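Below you'll find the structure, written out as structure tokens, and then a few comments.
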Amino acid sequence: MRLMNTTYLYVLIYTNKLVIKDVVSNREVTALPETSFTTSRIIIGDMLSAMKTLKKGEARLSGERNFLQKLLPRRFKVIIHPMEMTEGGLCSTERHFFRDFGHMLSPSPSSSGLVTVYVCDHPEILENSLVKDILTGRKDVFNEKKE
């Protein structure tokens with residue numbers, strides 16, 4: 001079920017690059033950071049740089065919002081999918097970190113409930129139809145609590 005004023009995003013994380021896809025409009029942008037966010041040990045070592053990259057990329061993707069969209073609270077349903085530096089899968093601490101990263105789309109800490117985040121550690125890119133089914137609730141493939 002699609003909710004009003006909800007944006008459904010699939011965010012792929014690469015070394016110093018985010019690919020952000022809107023799975024409803026089938027639009028995507030590649031967002032590059034102003035300063036590197038990847039370190040030699042972790043794909044997101046500088047959270048501030050990665051957060052700025054995510055917000056700027058999402059803004060480029062969504063474009064100008066109309067008057068009604070600006071009045072209603074903005075909601076996001078997001079799959080965060082690190083594509084590199086995940087050998088052996090993700091531990092619970094990394095999953096928590098990536099969920100927090102997804103919540104950065106929220107306009108303020110008090111509105112973080114407007115963002116639902118899933119974390120995927122599958123080694124391959126998910127097909128858009130599967131991502132859309134997961135985010136709209138038609139499929140439940142993650143064995144973790146959504147936040």
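When all protein chains stay in place and ligands, DNA and RNA are ignored, the 1.4 Å accessible-area order of 133, 140, largest first, is 140, 133. Pairs exceeding 26 Å between alpha-carbon atoms, taken from 56/139; 56/132; 55/77: 56/139. Put simply, the amide H of residue 79, placed in the peptide plane, has neighbours under 5 Å in 9, 10, 11, 118, leaving out anything fewer than 5 places away on its chain.
From most to least packed by mean Cβ count within 10 Å, the peptides 94-101, 122-129, 37-44 give 94-101, 37-44, 122-129.
The values are calculated or read from the model by the stated rules, or taken from the named source; none is laboratory data. Bear in mind that the values here come from a model prediction, so they are computed numbers and not experimental data. Heads up, the Cβs are rebuilt from the backbone with ideal geometry, glycines too, and the neighbour counts pull from every protein chain shown. The area values use the complete protein model at the heavy-atom level, side chains included, leaving out ligands, DNA and RNA. Shrake-Rupley method; radii C 1.70, N 1.55, O 1.52, S 1.80 Å.
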